[in-house]
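The values are calculated or read from the model by the stated rules, or taken from the named source; none is laboratory data. None of the values given here were measured: they were computed from a predicted structure. All Cβ positions, even for glycine, are placed from backbone atoms using ideal geometry, and neighbour counts span all protein chains on display.
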Amino acid sequence: MPVKVGAHVGASGGLTTAFERAQAIGAETIQIFGAPPQTWRRRKIRPDECEAFRARMAETGIEPVFIHGVYLINLATESPEQLAKSTEALAGDLRLASAIAAKGVIFHVGSHKGAGFPQVLPQIGDALRRVLAETPDDAWIILENSAGMGGSVGSKFNELAAIMGAVKSPRLKVCLDTEHAYAAGYNIAERAGLEEAMAEFEREIGLSELVAVHANDSKIPLGGGVDRHDNIGEGHIGRAGFEVIMAHSAFREVPFLLEVPGFEKQGPDKANVDILKEIRAKVGAG
């Protein structure tokens, strides 16, 4: 089965509108926000909305669906208030994921702000175990690798592996963001660098735990450590880099989700989706 190509799409105006936006750009799989990403506030989604969403997913065949957690989540924070709000937000999105038959919630673990990863690992593990205990077991918690800026957790695969080892749950999975990996120093744009990176991923985490790819080119040079997405082919990874990535066996059954600025600066668009589909056809991905 070919690698599915999709994108993060808006869901303003009702959750089911995400499918209309996906169809407009040719997306085969989608990611949405379950709540406004820059605030803790969230509206209660009615059961009939969830039922309508599942029906539209079945009608359109656009799946899998993922939810992206709010940007304010920080499980490495020193603030008890922010930690409580972070776990509440993550749990809320997981309950929604279960209700709408989404695979799970992709989120940024947060930043230790200089405290050091070993210092915050126990807190992260405790927080994730609490969230797992109080949410439906049919929704994954999906850790996303980071670009490495500001003490962000998870820029190296061994940190994600340490979190998974501390939690020990089959519900804990990983999303690989191509821009974040490149900015963190993994040269995934070249065949040798990608082979080395994915061998490390397999050794530290296990490729079976990889459930999604955030497909983003990079405005930042290799190892730049900053989270700045670019359109496919316009950044430092480049179209040739994505040909290398999509040809790799590690990604053969993993959905690709665009989070790019768009050629018209309106977010992921048909042009970017089409580029990934062209690359898929060229390299025979899947």
Go through (1) surrounded by 15 or more Cβ atoms within 10 Å (Cβ to Cβ); (2) modelled with pLDDT under 95; (3) of a type outside the set (Asp, Glu) and name the single condition residue 100 misses. (2)
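Looking at the range 44-54, is at least one residue out of contact with any Leu (no Cβ under 8 Å at 6 or more places or on another chain), surrounded by 15 or more Cβ atoms within 10 Å (Cβ to Cβ) and over 24 Å from residue 122 (Cα atoms)?
From the range 44-54, those out of contact with any Leu (no Cβ under 8 Å at 6 or more places or on another chain) are 44, 46-48, 51, 54; that's our starting set.
Add one more test, that the residue is surrounded by 15 or more Cβ atoms within 10 Å (Cβ to Cβ), and what stays is 54.
If we keep only those that are over 24 Å from residue 122 (Cα atoms) as well, we get 54.
Yes: the range 44-54 contains one or more residues that are out of contact with any Leu (no Cβ under 8 Å at 6 or more places or on another chain), surrounded by 15 or more Cβ atoms within 10 Å (Cβ to Cβ) and over 24 Å from residue 122 (Cα atoms).
Quick check, is residue 194 crowded, with 21+ Cβ neighbours inside 10 Å, of a type in the set (A, V, I, L, M, F, W, C) and more than 19 Å from residue 102 (Cβ to Cβ)?
Numbers: crowded, with 21+ Cβ neighbours inside 10 Å: yes; of a type in the set (A, V, I, L, M, F, W, C): yes; more than 19 Å from residue 102 (Cβ to Cβ): yes.
The answer is yes for residue 194.
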Taking the residues in the range 48-77 that are touching a residue at least 60 places away in the same chain (Cβ under 8 Å) and not hydrophobic (A, V, I, L, M, F, W, C) as candidates, determine which candidate is farthest from residue 138 (Cα to Cα). 68
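Kindly check whether there is at least one residue in the range 42-64 that is closer than 23 Å to residue 167 by Cα and part of a loop (DSSP other than H, G, I, E, B). So that I can check it myself, show each step before the final result.
Step one: filter the range 42-64 for residues closer than 23 Å to residue 167 by Cα, giving none.
Within the range 42-64, none of the residues are closer than 23 Å to residue 167 by Cα and part of a loop (DSSP other than H, G, I, E, B).
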Would you say residue 257 is of a type in the set (A, V, I, L, M, F, W, C) and outside any loop (DSSP other than H, G, I, E, B)? yes
Residue match in the range 119-132 (condition: at pLDDT 95 or above and closer than 22 Å to residue 221 by Cα): no
Checked the range 1-21 for anything within 15 Å of residue 61 (Cα to Cα) and surrounded by fewer than 17 Cβ atoms within 10 Å (Cβ to Cβ); matches are 1, 2, 17, 20
From the list 279, 245, 220, 275, exactly one residue is of a type in the set (Val, Ile, Thr) and in a loop (DSSP other than H, G, I, E, B). Which is it? 220
